[in-house]
Amino acid sequence: MTAPMPLLDLDDSEGLSAADSEGLLRSVAMGGAQIRATASAVGEGVISRLAGLRPRSVVLIPGAGGARHGARIALALVGDSVGCPLLVLDRTPSWAGPLDVIVVAGDDAGDPRLVESVDSAVRRGAEVVVAVPDEGPMRAVAAGRTMALPPRLYASPRHTMTRFLAVFLAVAAEIEGKGSIEDRSAVLGRIADAVDAEALRDGPSNEVFHNPAKSLATRMSGRRVVLCGSGSVTTALAEFSSVSLMGSGLNAAAAELSEVIRSARALFAPDAASRDSVFHDPFFHDPQLDGALPTPPARAFVFATESTRGEARRRMDALADADLVVAADEDQTNVVISEMEQVFVLASRVDMAAAYVQLTGGAK
């Protein structure tokens, strides 16, 4: 008989590295490098044709996964500041033409929907930006006819959202045309620096007490997790985070903070089995003798930026068990970063927390 292996300790850096056969931690830590590669492409003038352009619309056509979440977050971040309608659609619309900018992004160069969208946009004379791997059917349809921003570094498709978000924001900034190409590239460079700094703080060698991602994973372990935001930006970030955490096996859902507050009575209602049982080991559980498994308790995680931190803290008082998640801790009051940087930092932290949850079996 073989005894079950114990769960890894989050402070066991060597054990975590040895267990990471998929390279999850390294893949998440590549986020800053992916953004910096996009900044290099912008600095090289790959999308300079868009500079100062006054299009009728900018249409984002994302593939599945990270591209779709990146498009939704970009829409929430800059949708009101771009001088034309910014749309997220599934395909190139029938009304698209020379006055429009079409941005197609995804991880799959063989996705028929993305390939068809690029071909249709090019035939209609639109300005087309393609952020898809330069291979397969996409290479055949886009070669020489589009502005190409393919990935220059490999990362798991689970961890490409920040690259797509950087691409969408770069296109929006180029169209606005404020400052020089070097200035716009430098903005992405600063975001990459912030993401790299977060990856260092979240590294496996840092203990839980000094590691925001490990701390987040610890607070989520053994819980039903509800992620929420106090506005459109943080709600879009919460939706992305729920998918990232579900990929690690965690029971996670996302909603706007107001919706969670309205559901608080049912969501945080104590479970009778949980109240009566001080400790429950599912390994020895017999459903015929012990009845149904107790429901894990729920905990809400409220995402906020510095501008909405105070409001979010006041509103979350209505929840029985809730944590505030912000880019800077209370002891980092001297750190000032933009809202964009905060979003990237939080996305990177959640991806790393999801990796730790998966590696330690904390979702079970």
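Where Lys and Arg each count +1 and Asp and Glu each count -1, what net charge lies around I337 among other residues with Cβ under 9 Å from its Cβ? Working shown, then result.
Details: positive: R190; negative: E306, E339, E341.
After counting each charged neighbour, the total is -2.
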Rg and Dmax of the chain, Cα atoms only, in Å: 22.0, 71
Degrees between helix 66-78 axis and first principal axis of the chain (Cα, 0 to 90, nearest 10): 70 degrees
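Under the definition of Cα pairs under 8 Å and six or more residues apart, what whole-number percent is the relative contact order of the chain?
Values: 638 pairs, mean separation 76.4, N = 364.
Here the relative contact order equals 21 percent.
Taking the highest mean first, how do the peptides 193-202, 28-37, 233-242 order by number of other beta carbon atoms within 10 angstrom per residue? The partial results should precede the final answer.
Values: 193-202: 20.2, 28-37: 23.5, 233-242: 25.7.
Descending mean neighbour count gives 233-242, 28-37, 193-202.
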For the chain: accessible area per residue (Å², 1.4 Å): 47 Å²
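Please arrange L89, L77 by accessible surface area, largest first, computed with a 1.4 Å probe and ligands excluded.
On the way: L89 60, L77 30 Å².
Correct descending sequence by accessible area is L89, L77.
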Accessible-area composition of the chain, carbon plus sulfur, in percent [1.4 Å probe]: 54 percent
Cα long-axis angle, helix 112-123 against the chain (0 to 90 degrees, to the nearest 10): 20 degrees
Dipole in debye (nearest 20) - the stretch 47-127, about Cα centre, beta carbon charges: Lys, Arg +1; Asp, Glu -1: 260 debye
Angle in degrees between helix 181-201 and the longest Cα principal axis of the chain, rounded to the nearest 10: 10 degrees
Gaussian network model of the chain, Cα within-10 Å springs - most flexible of R262, R91, R68: R262
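The values are calculated or read from the model by the stated rules, or taken from the named source; none is laboratory data. Just so we're clear, the structure is a prediction, and the values are computed from it rather than from any experiment. As a convention, Cβ positions derive from the backbone with ideal geometry for all residues, glycine included, and neighbour counts pool all protein chains shown. Note: areas computed on protein heavy atoms with side chains; ligands, DNA, RNA excluded. Shrake-Rupley method; radii C 1.70, N 1.55, O 1.52, S 1.80 Å.
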